[in-house]
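Below is one structure, written out as structure tokens; the observations come after it.
The values are calculated or read from the model by the stated rules, or taken from the named source; none is laboratory data. Note that the structure is predicted; figures quoted are calculated from it, not measured. Positions of Cβ are backbone-derived with ideal geometry, glycine not excepted, and every protein chain shown enters the neighbour counts. SASA here: full protein model, heavy atoms, side chains in, ligands and nucleic acids out. Shrake-Rupley method; radii C 1.70, N 1.55, O 1.52, S 1.80 Å.
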Amino acid sequence: MEIGTRFFGTVEIEEEGVLDFPRGILGMEEERQFVLLDVPGRRFKCMQSVGTPAVAFIVVNPWDYYPDYEFELSDRELEDMGVESADQLAVFAIVTIREPAADSTLNLLGPLVIHVEKRTGRQFVLGENRYSARMPLIPETGEADHADTD
């Protein structure tokens, strides 16, 4: 099936690659179907709305940038998603690209958790205050200096 995208024009996607977010994304609850598209030459992915070409998020694996990132989901939350083991999950953080690029940030407070087998996802808002919705994309420690390329 073909969809219009914010960054790549019209692309062909497989219907089985569509992710369903039954609750939508915070602030865009009406957007419920997305597809992950690779951004060539980068660790970034584009989480593109299937129905609205203008709605797309740049996302990354948060552990590529913050290796010590951790959070817990309750048994109830895991049960609601149908999760039986951690290897069924993929986690992404939304990136806000800024100018200059060194000012770009990650939302570690609201991770996107995807059940890879069921192709369903949910954005969680963590109750922990050690993370922010605006964590530096390049941590001050410099540990992610290589993070924007493969």
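Give the peptides 53-61, 104-112 in descending order of average Cβ contacts within 10 Å, highest first.
On the way: 53-61: 18.0, 104-112: 21.0.
Highest-to-lowest ranking by the protection proxy: 104-112, 53-61.
Relative to the present Cα-Cα distance, how much length would full extension add between R130 and M1 at 0.36 nm per residue of separation? Write down the numbers at each step before the final one.
Working: separation 129, 0.36 × 129 = 46.44 nm, distance 4.14 nm.
Full extension of this stretch gives 42.3 nm more.
Could you look at the stretch 31-131 and say what percent of its accessible area is carbon and sulfur, using a 1.4 Å probe and all protein chains? Please report the intermediate quantities before stating the final value.
Details: 2430 of 5190 Å².
Carbon and sulfur together cover 47 percent of it.
Quick one: length gained pulling T120 to E12 fully straight, 0.36 nm per residue minus the C-alpha distance?
Details: separation 108, 0.36 × 108 = 38.88 nm, distance 2.03 nm.
Going from the current span to full extension adds 36.8 nm.
Sorted by packing (mean other beta-carbon atoms within 10 Å per residue), highest first, where do 89-100, 9-20 land? Before the final figure, lay out the partial values.
On the way: 89-100: 15.6, 9-20: 11.8.
Most protected by this proxy first, the peptides run 89-100, 9-20.
Can you list residues whose amide H is under 5 Å from T5's amide H, if they're 5+ apart or on another chain and H is modeled 1.01 Å from N?
Those qualifying (amide H under 5 Å, at least 5 residues apart or on another chain) are T10, V11.
Can you bin every Cα-Cα distance in the stretch 1-81 into 10 Å intervals starting at zero and give me the percent of pairs per bin, rounded to whole numbers?
Here the calculated profile for the stretch 1-81 is 16, 40, 34, 10, 0.
Mind pulling the per residue volume of the convex hull built on the Cα atoms of the stretch 65-144? Å³ is fine. It would help to have the intermediate numbers written out before the result.
On the way: hull volume 8.0 nm³, N = 80.
Spread over its residues, the Cα hull of the stretch 65-144 gives 100 Å³ apiece.
Hey, what's the per residue convex hull volume over the C-alpha atoms of the chain, in cubic angstrom?
Numbers: hull volume 18.3 nm³, N = 150.
Convex hull volume per residue, Cα atoms: 122 Å³.
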